[in-house]
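The values are calculated or read from the model by the stated rules, or taken from the named source; none is laboratory data. Note that the structure is predicted; figures quoted are calculated from it, not measured. Here Cβ is always computed from backbone atoms with ideal geometry, including for glycine, and neighbour counts include all displayed protein chains.
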């Protein structure tokens with residue numbers, strides 16, 4: 001984050017107008033050894049952020065290839081998408097398009113849909129700390145996993161824009177064990193495993209999801225209900241309650257009202273997913289670990305974190321992914337794709353990790369090159385780009401911008417998954 005415009009940019013662009021910064025809360029996870037997490041409480045974004053090309057950037061082959069980029073923060077996600085799809089000159093790129101809006105983009109005369117396999121996962125955090133049900137049992141967690149038809153979750157919940165994953169590592173990342181396969185859909189086996197587990201009669205399995213994953217939650221609950229032979233409840237957590245819930249999870253002090261929480265997360269690297277993904281969910285200093293320490297996981301992670309040889313690092317990462325699958329430490333679902341709406345006159349190549357515009361180019365038909373072009377204009381009518389990205393959802397107390405707002409309530413969306421990258 002850059003707090004204000006100035007001459008200190010060393011990347012492809014320099015911020016010349018506006019600001020974008022965050023306020024975080026330090027949340028204590030453990031005092032001995034000390035570990036903490038930083039949750040975003042508020043975000044300060046100017047209505048517009050203007051970036052200008054840095055002529056002194058060292059990597060001229062990479063870019064930049066446009067003279068100016070304007071990030072429009074004065075638009076809701078819905079309005080930004082409307083402007084991108086309905087004409088030229090207002091919005092060139094919209095990030096984090098919901099799968100529910102993909103058909104609209106495909107039908108547009110002015111924009112195209114770009115779908116890309118990104119380093120992100122959608123899983124169910126299993127609350128191994130519950131005292132009244134045996135979620136500490138790998139048998140029960142396996143039952144939950146084999147109860148789910150993952151292909152249906154991707155097809156109906158994400159309109160096909162996702163990939164089923166064996167555990168926590170997407171297939172395009174290093175660290176995926178050779179021959180790894182997702183849990184099969186075996187409802188009869190799931191029912192038998194639950195019947196043999198001593199699950200208390202009359203106790204429902206409680207599945208929680210934020211509003212942006214509510215539709216996927218309904219699919220998951222339907223599969224669990226049909227397979228397990230026990231009652232299953234869906235708890236849809238309002239956006240306003242998400243900040244307090246996030247802090248409660250990270251602090252790991254109070255009991256949780258849910259047994260399984262549908263949750264999205266991301267990785268900024270493709271080399272060693274356990275460092276940013278597996279550790280956060282299962283490690284001793286993991287922000288999303290729900291339940292007691294797992295000594296087997298921590299021993300493997302301690303081995304991985306000291307590796308200096310790349311091949312050896314990947315080998316241990318593969319064993320970590322195999323371990324969490326063997327222990328069924330989470331409900332493993334899929335890796336949702338990143339979706340973008342992009343103006344037809346813009347060439348944009350996505351990254352698996354972050355949103356980058358250094359390589360973006362525009363053709364001769366782009367509004368900034370057409371003499372007398374109409375539409376939203378940056379401060380100077382030069383070759384430029386207009387981008388709209390969703391505001392980060394906050395995870396501290398006191399409200400903030402939700403991951404999904406306006407008429408997008410209930411649409412599957414992934415903007416919240418990267419909201420606490422800091």
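What do you reckon, is residue 207 crowded, with 16+ Cβ neighbours inside 10 Å, under 18 Å from residue 141 (Cβ atoms) and in contact with a helix residue (DSSP H, G or I) (Cβ under 8 Å, 6 or more places away or on another chain)?
Values: crowded, with 16+ Cβ neighbours inside 10 Å: yes; under 18 Å from residue 141 (Cβ atoms): yes; in contact with a helix residue (DSSP H, G or I) (Cβ under 8 Å, 6 or more places away or on another chain): yes.
In short, yes.
Select from the stretch 302-314 the residues that are in contact with a helix residue (DSSP H, G or I) (Cβ under 6 Å, 6 or more places away or on another chain) and either in a helix (DSSP H, G or I) or not assigned by TED's automatic domain parsing to the domain that holds residue 279 (or both) and list them in ascending order.
Taking the stretch 302-314 first, the residues in contact with a helix residue (DSSP H, G or I) (Cβ under 6 Å, 6 or more places away or on another chain) are 303-304, 307.
Answer for the stretch 302-314, where residues must be in contact with a helix residue (DSSP H, G or I) (Cβ under 6 Å, 6 or more places away or on another chain) and either in a helix (DSSP H, G or I) or not assigned by TED's automatic domain parsing to the domain that holds residue 279 (or both): 303, 304.
From 233, 188, grab the single residue that is exposed (fewer than 15 other Cβ atoms within 10 Å of the Cβ) and assigned to a strand (DSSP E or B). Give the steps one after another, and end with the answer.
On the way: 188 fails: assigned to a strand (DSSP E or B).
Criteria check complete, one pass: 233.
Just to be sure I understand, how many residues within the stretch 30-42 are crowded, with 17+ Cβ neighbours inside 10 Å and either more than 22 Å from the chain's Cα centre (by Cα) or modelled with pLDDT of 80 or more (or both)?
Final tally of qualifying residues: 0.
Give the residue, chosen from 123, 60, that is assigned to a loop (DSSP other than H, G, I, E, B) and either without any contact (Cβ under 8 Å) to a residue 40 or more places away in the chain or touching a helix residue (DSSP H, G or I) at 6+ places or on another chain (Cβ under 8 Å) (or both). Steps first, please.
Details: 123 fails: assigned to a loop (DSSP other than H, G, I, E, B).
Step by step, each of 123, 60 is checked, and only 60 is assigned to a loop (DSSP other than H, G, I, E, B) and either without any contact (Cβ under 8 Å) to a residue 40 or more places away in the chain or touching a helix residue (DSSP H, G or I) at 6+ places or on another chain (Cβ under 8 Å) (or both).
Out of curiosity, is residue 324 surrounded by 15 or more Cβ atoms within 10 Å (Cβ to Cβ), in a helix (DSSP H, G or I), in contact with a strand residue (DSSP E or B) (Cβ under 8 Å, 6 or more places away or on another chain) and at pLDDT 95 or above? Please lay out each step first, then the result.
Values: surrounded by 15 or more Cβ atoms within 10 Å (Cβ to Cβ): yes; in a helix (DSSP H, G or I): yes; in contact with a strand residue (DSSP E or B) (Cβ under 8 Å, 6 or more places away or on another chain): yes; at pLDDT 95 or above: yes.
Yes.
Taking the conditions exactly as written (in the same structural domain as residue 228 (by TED's automatic domain parsing), surrounded by fewer than 24 Cβ atoms within 10 Å (Cβ to Cβ), more than 15 Å from residue 224 (Cβ to Cβ) and in contact with a strand residue (DSSP E or B) (Cβ under 7 Å, 6 or more places away or on another chain)), does residue 167 satisfy them or not?
Judged against the criteria, residue 167 is not a match.
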